[in-house]
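Read the structure below first, then the notes.
Just so it is clear, none of the values below were taken in a lab; they were calculated from the coordinates. Treat the numbers as computed from the prediction; the structure is a model and nothing was measured. Because the Cβ atoms are built from the backbone with ideal geometry, glycine has one as well, and the counts that use them run over all protein chains shown.
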Amino acid sequence: MQIEQISTKEEKKQAQFLPILKRKLSLLGSEMKKNKLSYLFLAPFGIIFFTFYLLPVIISVFFSFTYYNVLESPQFIGWQNYLNLFLSDDLFLQSIKVTFLFAFITGPISYFASFFFAWFINELPRRIRAVLVVIFYAPSLSGQVFVVWSIIFSGDQYGYINGFLMEIGIISEPIQWFNNPEFIMPTLMIVILWTSIGAGFLAFVAGLQTLDQSLFEAGYVEGIKNRWQELWFITLPQMKPQLLFGAIMTITQSFAIHDVIVPLAGFPTTDYAAHTVVSHLVDYGTIRFEMGYASAIATILFIVMVGSNVIIQKLLGKVGT
């Protein structure tokens, strides 16, 4: 009797669901016909987004459940790649630790520094502001920034940091900043922070230029007493789109650190002291050609980034409340 009752309930649910689904599909079809010109203009971006962003993610998730070495056809192995990552690959676990250290230290500092630099620069005259925006944004564009930092933190006595510390008597011999596991992480964090003020910074500058000034006047009438209250209750609520964009860019940069490490500390780094998840992905994907295993690493990194973005969106939703 219970089984029959369950089956009848499921049949009733299906009978109620199908008409609703058909009605929604028909409404969607009519809306698409009605706005076909808009969809036509969106089509180029939609095709590019699906081809170069969404489709690679889907393919990567599929390959993560296979053994694939490029030369042979993929062989389905289920969850074996993920089990190997978390149960057998100690280097991957270390890379997670290193990546989260980079993300939790450089990410928030870079995000808040980008905003406050943009906030302070916005108060300056237009010409001075334009010059300072270029100065702050230039390090993220310059490909020669690694050459500069390699000279500053050079491991011989001619490096600026070593030369200064030896001259004032703090050290007696040069420090190998990018080769000594004790100093690799702090040194790289300094370089990463220097180069991290990029697209988010420009978004903040642009957002501050579009604020509704009448709200500031209304705020002072309602009891805003200082600049910090003005920032929290008027400026930040108007900049939620820019804040979200900057957060997404910062998360992506902080979890995808690899290109900064290679020209300064080499690949792999000494004792894998600065070996990130992306470094592990590059190792298996472009050197060992174990594409199934590399796809599993990429899938985990993708899930972490998406989860971090969801958390950031919830936190930013409380701004100004």
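Tabulated data
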| quantity | calculated |
| --- | --- |
| Assigned charges on the beta-carbon of Lys, Arg, Asp, Glu; the stretch 88-316 dipole about Cα centre (debye) | 740 |
| Convex hull projection area averaged over all views, the stretch 78-220, Cα basis, nm² | 15.1 |
| Exposure proxy ranking, count of Cβ atoms within 10 Å, fewest first, for K36, K240 | K36, K240 |
| Under-24-angstrom lysine pairs by C-alpha in the chain, whenever the two are 8 or more apart or on separate chains | 16 |
| Relative exposure of H258, H275, judged by other C-beta atoms within 10 Å (fewest first) | H258, H275 |
| L211, L281 arranged by Cβ crowding within 10 Å, fewest neighbours leading | L211, L281 |
| Loop-located chymotrypsin sites (Phe, Trp or Tyr not before Pro) in the stretch 99-208 whose Cβ has at most 12 other Cβ within 10 Å (DSSP) | Y158 |
| Residue with peak Gaussian network fluctuation, the chain [Cα springs, cutoff 10 Å], from P237, P19, P181 | P19 |
| Value at 222 nm in deg cm²/dmol, rounded to 500, when DSSP H runs of n ≥ 4 in the chain each add -39,500 (n - 2.57) | -22500 deg cm²/dmol |
| Paired Rg and Dmax values of the stretch 88-316, which use every Cα atom, in angstrom | 20.8, 65 |
| Length gained when the stretch L101-K36 is fully extended (0.36 nm per residue, less Cα-Cα span) | 18.6 nm |
| Part-to-part distance (alpha-carbon centres) for the stretch 21-57 and the stretch 181-223, which is given in Å | 35 |
| Ellipsoid equivalent to the stretch 245-321 - semi-axes via the Cα gyration tensor, in Å | 29, 16, 8 |
| DSSP H segments from the chain that extend 15 Å or more along their own axis, Cα-based, with Kyte-Doolittle mean of 1.0 or above | 36-49, 90-122, 126-141, 181-195, 199-209, 291-316 |
| Cα gyration tensor category, rounded, prolate or oblate, for the stretch 164-297 with a/c compared to 1.5 | oblate |
